[in-house]
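The values are calculated or read from the model by the stated rules, or taken from the named source; none is laboratory data. Treat the numbers as computed from the prediction; the structure is a model and nothing was measured. With ideal geometry, Cβ positions are generated from the backbone for all residues, glycine too; neighbour counts draw on all protein chains shown.
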Amino acid sequence: MTGQERFDAVIDADEKIEPTDWMPDGYRKTLIRQIAQHAHSEVIGMQPEGNWITRAPSLKRKAILMAKVQDEAGHGLYLYSAAETLGTSRDELVDLLHTGRQKYSSIFNYPTLNWADIGAIGWLVDGAAITNQVALTRTSFGPYSRAMVRICKEESFHQRQGYELLLTLCRGSEEQRAMAQDAVNRWWWPSLMMFGPSDNDSPHTAQSMAWKVKRVTNDDLRQQFVDMTVPQCEFLGLTVPDPDLEWNEERGHYDFGAIDWAEFWNVVKGNGPMNRERMAHKNRAWDEGEWVRQAATAHAAKQAARRLEQKSA
Amino acid sequence: MSYDVPQIPGEEELEVAASDTRQWPMWEVFVRQRRGLSHVHAGSLHAPDAESALQNARDVYTRRAEGVSIWVVPSSAITATDPDDVDAMFDPFDEQPYRHATYYEIPDEVGKM
């Protein structure tokens, strides 16, 4: 059997490709790009929420938010590790992010303006992420699939804490309900955009589906998300900011309004409200952390030298 | 979160190479979920030395009571089977069903065995 034949057989049998297996060059490239951008998104995703840690209204909410932001860092690490099994290095990937040659999800280029945004992010943004990532647990590349399994377990906490946060606000004062509605109004459409362009405008979807890197198309995932989320929104007593939203008895799904793709592409290309700030902050954090990395390296070298000394003494 | 960032029309296709000159060595992390179970591979991470690898492994892989013991091993210390030799390595056993208990027919009257 040739490498290609063995690869095809594994994909056909719905088994996983592992890093040391032969794989088509395009498969490797697609995965490096997708996993790396997924990792970058997790890491940049720490910023909109980290922004609220000091201002969270209670010690409990601060602790929860810190745990969540720490999870995002962990998710970034799982994913970078998965990408590294494809023959790239952490330094290279981090550099691609810092120099803007690789992107992260556009959702993080929107600002978190009020406390309810933290709830909306957990419920809507992490909810959209879970929809996507549950599908990705069945992706054909083993390390990516395993990272998704681990991440999905943790995202469930994120989504529930976000919903509970909003529920608390919705059971509060008139002002608190207004805050919650304002946050949902601003995060609803960007959350729908997280699933990416419509299937008709996703030239790479067919190949990704054939390789089983992607298991469900953008539009199908988006529909799943809307169907799941609308009743949850009704329970909160909030409205979805879409006048065209309507249950379609015949399809058994919600119909929803047109997405503003011009806004989407504009943000992807770097012109969203927070693109520049997110990148500047990330680069600053990296530069300011240089002494920590140097110190850790120096400490490790010193410890190693000391052990050698003790051995020879 | 998620994040299949779409290709921007005209986006350059990057050749992502490995440049291993600066980075810390990679460690494989094994976690024992509870006493009585084996350590199981959990993932990998970069760290300058074994102690920091253990510390990082605790933060990355056991934030939700996933373990009571961690091993870290330099990735470079692992010797693995060659995926191209899979057939020669493992296939012979496919032809030896008599190594399995289910190969043997025992009459029901004998009872559970």
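Restricting A:PRO231, A:PRO273, A:PRO241 to those that are within 28 Å of the chain's Cα centre (by Cα), under 21 Å from A:ALA183 (Cα atoms) and modelled with pLDDT under 95 reduces the list to A:PRO273.
Residue-by-condition table, conditions (1) farther than 20 Å from A:GLU92 by Cα; (2) part of a helix (DSSP H, G or I):
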| position | (1), (2) |
| --- | --- |
| A:MET1 | yes, no |
| A:ALA9 | yes, yes |
| A:ASP14 | yes, no |
| A:MET23 | yes, no |
| A:LYS29 | no, yes |
| A:ILE35 | no, yes |
| A:LYS60 | yes, yes |
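Of all the residues in the range A:1-57, those that are polar (S, T, N, Q) and closer than 20 Å to A:GLY76 by Cα number 6.
Of all the numbered requirements in (1) more than 8 Å from every other protein chain (Cβ to nearest Cβ); (2) touching a strand residue (DSSP E or B) at 6+ places or on another chain (Cβ under 6 Å), A:LYS68 misses one, and that requirement is (2). Within the set A:CYS152, A:CYS170, the sole residue that is surrounded by fewer than 24 Cβ atoms within 10 Å (Cβ to Cβ) and closer than 30 Å to A:ASP12 by Cβ turns out to be A:CYS152. Considering every residue within the range A:83-95, establish whether at least one is at pLDDT 95 or above, closer than 23 Å to A:GLN133 by Cα and among the polar types (S, T, N, Q). There is no residue in the range A:83-95 that is at pLDDT 95 or above, closer than 23 Å to A:GLN133 by Cα and among the polar types (S, T, N, Q). Only residues that are among the hydroxyl-bearing types (Ser, Thr, Tyr) and over 16 Å from the mean Cα position of the chain (by Cα) were counted in the range B:63-93, giving 1. Taking the conditions exactly as written (within 11 Å of another protein chain (Cβ to nearest Cβ), at pLDDT below 95 and in contact with a strand residue (DSSP E or B) (Cβ under 8 Å, 6 or more places away or on another chain)), does A:GLU154 satisfy them or not? For A:GLU154, the condition - within 11 Å of another protein chain (Cβ to nearest Cβ), at pLDDT below 95 and in contact with a strand residue (DSSP E or B) (Cβ under 8 Å, 6 or more places away or on another chain) - is not met.
Within the set B:LEU54, B:LEU45, the sole residue that is surrounded by 10 or more Cβ atoms within 10 Å (Cβ to Cβ), closer than 24 Å to A:LYS302 by Cβ and modelled with pLDDT of 95 or more turns out to be B:LEU54. Just one of the listed residues (B:VAL72, B:VAL86) is β-branched (Val, Ile, Thr) and part of a helix (DSSP H, G or I), namely B:VAL86. Within the range A:89-100, residues that are within 7 Å of chain B (Cβ to nearest Cβ) sit with their Cβ atoms under 6 Å from residues that are outside any helix (DSSP H, G or I) and of a type in the set (D, E, K, R), at 6+ positions apart or across chains, in these pairs: A:SER89/B:ASP20; A:ASP91/B:ARG22. Exactly one residue out of A:ASP260, A:ASP255 is under 23 Å from the mean Cα position of the chain (by Cα) and modelled with pLDDT of 95 or more, and it is A:ASP260. Here the condition is being part of a loop (DSSP other than H, G, I, E, B), more than 8 Å from chain B (Cβ to nearest Cβ) and closer than 24 Å to A:ASP182 by Cα; of A:ARG138, A:ARG55, A:ARG160, it holds for A:ARG55 alone.
Do we find that B:VAL5 is touching a Lys or Arg at 6+ places or on another chain (Cβ under 7 Å), surrounded by 11 or more Cβ atoms within 10 Å (Cβ to Cβ) and either closer than 30 Å to A:ARG222 by Cα or at pLDDT below 85 (or both) in this structure?
Yes, satisfied.
Looking across B:GLU51, B:GLU28, B:GLU105, B:GLU66, one residue alone is more than 30 Å from A:ARG6 (Cβ to Cβ) and touching a helix residue (DSSP H, G or I) at 6+ places or on another chain (Cβ under 9 Å). It is B:GLU51. Of all residues in the range A:196-219, those being outside any loop (DSSP other than H, G, I, E, B), at pLDDT 90 or above and touching an Asp or Glu at 6+ places or on another chain (Cβ under 8 Å) number 2. For the range A:259-276, the condition holds for at least one residue, the condition being that it is among the aromatic types (Phe, Trp, Tyr) and surrounded by 16 or more Cβ atoms within 10 Å (Cβ to Cβ).
Using the structure shown, decide if B:GLN96 is surrounded by 12 or more Cβ atoms within 10 Å (Cβ to Cβ) and either without any contact (Cβ under 8 Å) to a residue 24 or more places away in the chain or in contact with a His (Cβ under 6 Å, 6 or more places away or on another chain) (or both).
Here the answer is no, as B:GLN96 does not meet what is asked.
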